[in-house]
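A.B. asks: The structure is given below, and queries will be raised subsequently.
The values are calculated or read from the model by the stated rules, or taken from the named source; none is laboratory data. Model, not experiment: these values are computed from the prediction. Cβ placement follows ideal geometry from the backbone for every residue including glycine, while neighbour counts extend to all protein chains displayed. Each accessible area value is taken on the protein alone, full model and side chains, heavy atoms only, with ligands, DNA and RNA left out. Shrake-Rupley method; radii C 1.70, N 1.55, O 1.52, S 1.80 Å.
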Amino acid sequence: MSPVLDAVSVIAAKRDGCELTDEQITWIVDRYTRADGVAEEQMSALLMAIYLRGMTDREIVTWTQSMIDSGTRMDFGELRRDGRPLTTVDKHSTGGVGDKITLPLAPLVASFGVAVPQLSGRGLGHTGGTLDKLESIPGWRADLTTAQLYSQLESVGAVVCAAGADLAPADRKLYALRDVTGTVESIPLIAASIMSKKIAEGTGALVLDVKTGSGAFLSSPDDARRLAKTMVSLGTAAGVRTTALLTDMSTPLGLTAGNAVEVAESLEVLSGGGPADVVELTLALAREMLDAAGLPDADPAAHLANGRAMDTWRAMIAAQGGDPDAPLPVAPHIEVVRAPTSGVLRSLDAMAVGVAAWRLGAGRAVPGAGVQSEAGVVLHAKPGDTVTAGAPLYSLHTRTPGAIGGAVAALDGAAVISPPGSATEDDSRPLTGPLVLDRVTV
Ligand code: URA
């Protein structure tokens with residue numbers, strides 16, 4: 001006979017450092033999701049106890065499974081093109097400043113005949129949301145029915161859309177609660193949150209881009225590596241072929257952070273150009289995904305150069321109501337911030353740029369709020385570049401000029417410029433390290 005369970009004893013067990021049983025975890029996640037006998041304050045206390053005490057591998061597996069079981073699990077097994085089954089590969093990034101990689105990556109991988117379902121959420125805080133970026137394209141819509149999602153995967157191959165309400169609904173409630181209880185930065189809870197959605201989505205393979213550095217959720221490389229290992233183990237145990245790249249997020253990716261400005265930069269990459277770091281990460285992740293799809297010899301750089309990836313992008317945007325030829329919105333107010341001194345730009349803090357973009361209107365402070373498509377930061381220099389006093393360092397784009405002061409304040413001290421020939425301590429710091437720091441497998 002199963003024991004009688006109650007929320008207080010589950011909280012107390014975790015508070016006292018005990019390992020929770022499978023029954024306790026399954027019961028509390030289920031009852032909390034259904035608002036049946038577990039109050040918000042009780043789950044808040046449990047989340048804080050988990051944050052402080054951690055979870056064992058078995059607890060994480062059970063917590064993840066309970067979140068998957070809170071909703072429906074999709075199945076892409078029936079997808080066909082020309083009568084043949086389609087392989088599905090997804091990518092998930094833990095979020096970074098200027099991280100627009102999904103935009104060129106999904107159509108690039110799909111241009112090789114692989115199905116890429118990218119079910120995304122909306123941005124909160126300093127990292128932008130992929131859906132918010134794509135919504136700056138006139139007509140494009142994020143909400144698809146499951147039937148539309150399947151049909152687009154079969155016809156175009158690439159889909160970026162909003163996750164349905166029934167995909168791990170426990171995570172939606174738990175994530176909102178973690179956001180207001182200071183319990184987001186917990187490796188077991190982040191791993192379970194991300195992997196419950198990815199496993200429930202039904203992808204055959206998954207490539208994770210786990211960020212480390214000032215603009216990442218977990219700034220320490222050791223924490224990011226532990227998160228990557230935990231997620232790779234969860235995916236593999238669930239039968240999803242999972243690998244992770246550990247990548248640097250100490251400086252923004254590319255030269256843009258915001259919405260329409262990031263779409264414009266992604267189009268440069270799809271046209272065979274674009275900033276070197278965006279191209280490098282797009283290709284590194286594409287190779288991982290193509291390898292996972294059984295195409296280890298595919299050459300993604302060729303499909304950026306010959307327009308195949310761009311063709312798939314255009315089909316993907318049009319299939320979701322967007323006009324790939326429509327001009328992107330442009331901000332009515334653009335404020336240029338200039339370099340205070342001449343020298344070499346040694347570092348440019350990702351978090352500061354993310355906060356500036358958010359304050360300009362590119363991101364939201366509370367779930368459900370609107371964002372400005374035009375808002376964002378355009379960088380005129382990257383670490384390693386030589387800058388001249390008075391030359392533009394950043395352009396701040398917004399619809400609301402009152403937001404500019406806050407963005408300028410966020411950027412105060414973000415750029416470290418060492419004068420030419422100076423022998424300051426800064427000169428001994430590396431200008432730029434490798435972008436891809438490690439590859440994590442089981
Ligand atoms: N992204 C998620 O989906 N969940 C987390 O907990 C953190 C980042």
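A.B. asks: Of 92, 303, which has the most accessible area and how do the rest follow, probe 1.4 Å?
C.D. replies: On the way: 92 45, 303 20 Å².
The ranking, largest first, comes out as 92, 303.
A.B. asks: For region 80-326, rounded, prolate or oblate, judged on the Cα gyration tensor with a ≥ b ≥ c (square roots of eigenvalues), a/c < 1.5 rounded, else prolate if a/b > b/c?
C.D. replies: Note, shape of region 80-326 comes out rounded.
A.B. asks: If 358, 140 are ordered by their accessible area, calculated over protein heavy atoms with a 1.4 Å probe, which sequence runs from highest to lowest?
C.D. replies: 358, 140
A.B. asks: Within 10 Å of each candidate Cβ there may be at most 13 other Cβ atoms; applying that plus a DSSP loop requirement, which GluC sites (Glu not before Pro) in region 4-69 survive?
C.D. replies: Within region 4-69, the qualifying GluC sites (Glu not before Pro) (loop, at most 13 other Cβ atoms within 10 Å) are 19.
A.B. asks: What residues have an amide H closer than 5 Å to that of residue 256, excluding those fewer than 5 places away on the same chain, when H is modeled at 1.01 Å from N in the peptide plane?
C.D. replies: 379
A.B. asks: In addition: Provide the solvent-accessible area of residue 18, counting protein heavy atoms only and rolling a 1.4 Å probe, rounded to the nearest 10 Å².
C.D. replies: Solvent-accessible area, nearest 10 Å²: 60 Å².
A.B. asks: Just name one of 46, 25, 10: the one whose Cα is farthest towards the positive end of the charge dipole of region 7-54 (beta-carbon charges, Lys/Arg +1, Asp/Glu -1).
C.D. replies: Positive-end residue among those listed: 46.
A.B. asks: May I pose another question? For n ≥ 4 DSSP H runs only, could you compute -39500 (n - 2.57) per run for the chain, divide by its residues and tell me the 222 nm figure to the nearest 500? It would help to have the intermediate numbers written out before the result.
C.D. replies: Numbers: 16 runs with 177 residues, N = 442.
Counting only the DSSP helices, I get -12000 deg cm²/dmol.
A.B. asks: Follow-up question, since we're still on this one. Between helix 57-69 and the chain, what is the angle of the helix's C-alpha long axis to the longest principal axis, kept within 0 to 90° and rounded to the nearest 10?
C.D. replies: Roughly 90 degrees, rounded to the nearest 10.
A.B. asks: Would you please give the FRET efficiency between residue 391 and residue 323, computed as 1/(1 + (r/R0)^6) with r the Cβ-Cβ distance and R0 = 25 Å, to the nearest 0.05?
C.D. replies: 0.10
A.B. asks: Taking the chain as the reference, fit the longest principal axis to its C-alpha atoms, fit the long axis of helix 221-237 to the helix C-alpha atoms, and give the angle between the two in degrees, 0 to 90, nearest 10.
C.D. replies: Taking Cα atoms only, the helix is inclined about 50 degrees.
A.B. asks: Related question: Rounded to whole Å and ordered largest first, report the semi-axes of the equivalent ellipsoid of the chain derived from its Cα gyration tensor (root of 5λ). Please report the intermediate quantities before stating the final value.
C.D. replies: Details: eigenvalues 251, 153, 85 Å².
Those come to 35, 28, 21 Å.
A.B. asks: Also, I was wondering about something else. What is the angle, in °, between the Cα long axis of helix 22-33 and the longest principal axis of the Cα atoms in the chain? Nearest 10 is fine, range 0 to 90.
C.D. replies: Its long axis makes an angle of about 60 degrees.
A.B. asks: Something else: For the chain: lysine pairs with Cα atoms under 20 Å, gap of 8 or more or different chains, count?
C.D. replies: Final tally of qualifying lysine pairs is 19.
A.B. asks: Right, something else. For residue 79, list long-range residues whose amide hydrogen, built 1.01 Å from N in the peptide plane, is under 5 Å from its own amide hydrogen.
C.D. replies: Those lying under 5 Å, H to H, from residue 79 are 86.
A.B. asks: Shifting gears a bit: Per residue and in Å³, how big is the convex hull formed by the alpha-carbon atoms of region 38-77? It would help to have the intermediate numbers written out before the result.
C.D. replies: Numbers: hull volume 3.6 nm³, N = 40.
Dividing the Cα hull volume of region 38-77 by its residues yields 90 Å³.
A.B. asks: Now, a different point. Based on the alpha carbon coordinates of region 1-116, what radius of gyration and maximum Cα-Cα distance (Dmax) apply, in Å?
C.D. replies: In Å, with Rg to one decimal and Dmax whole: 19.9, 58.
A.B. asks: Further question: Given a cut-off of 22 Å, what percent of all Cα-Cα pairs of region 333-426 lie beyond it?
C.D. replies: 30 percent
A.B. asks: Moving on. I'd like the accessible area for residue 143: 1.4 Å probe, protein heavy atoms, all chains in place, Å² to the nearest 10.
C.D. replies: 110 Å²
A.B. asks: When only C-alpha pairs under 8 Å and at least 6 residues apart count, what is the relative contact order of region 333-426, in percent?
C.D. replies: 46 percent
A.B. asks: Now for a different question. Determine the relative contact order of the chain: mean sequence separation of Cα pairs under 8 Å and six or more apart, normalised by residue count, in whole percent.
C.D. replies: For the chain, the relative contact order is 19 percent.
A.B. asks: Rank 67, 316, 43 by mean-square fluctuation in a GNM of the chain with C-alpha springs under 10 angstrom and give only the top-ranked residue.
C.D. replies: 43
A.B. asks: Taking every alpha carbon pair in region 7-54, what does the distance histogram look like in 5 angstrom bins from 0, in percent?
C.D. replies: 5, 24, 36, 25, 9, 1
A.B. asks: For region 171-223, what relative contact order do you get, as a whole percent, if you take Cα pairs closer than 8 Å and at least 6 residues apart?
C.D. replies: 26 percent
A.B. asks: Moving on to the next point. Would you mind telling me which residue in 36, 291, 277 has the biggest mean-square fluctuation in a Gaussian network model of the chain, where springs connect alpha carbons within a distance under 10 angstrom?
C.D. replies: Between 36, 291, 277, it is 36 that shows the largest mean-square fluctuation.
A.B. asks: Which far-off residues, 5 or more places away or on another chain, put their amide H under 5 Å from the one on residue 393, with H placed in the peptide plane?
C.D. replies: Sorted by chain and number, the residues that satisfy this are 337, 338, 339.
A.B. asks: Order the following by accessible area, largest value first: 333, 380. Probe radius 1.4 Å; ligands, DNA and RNA are ignored.
C.D. replies: Order by accessible area, largest first: 380, 333.
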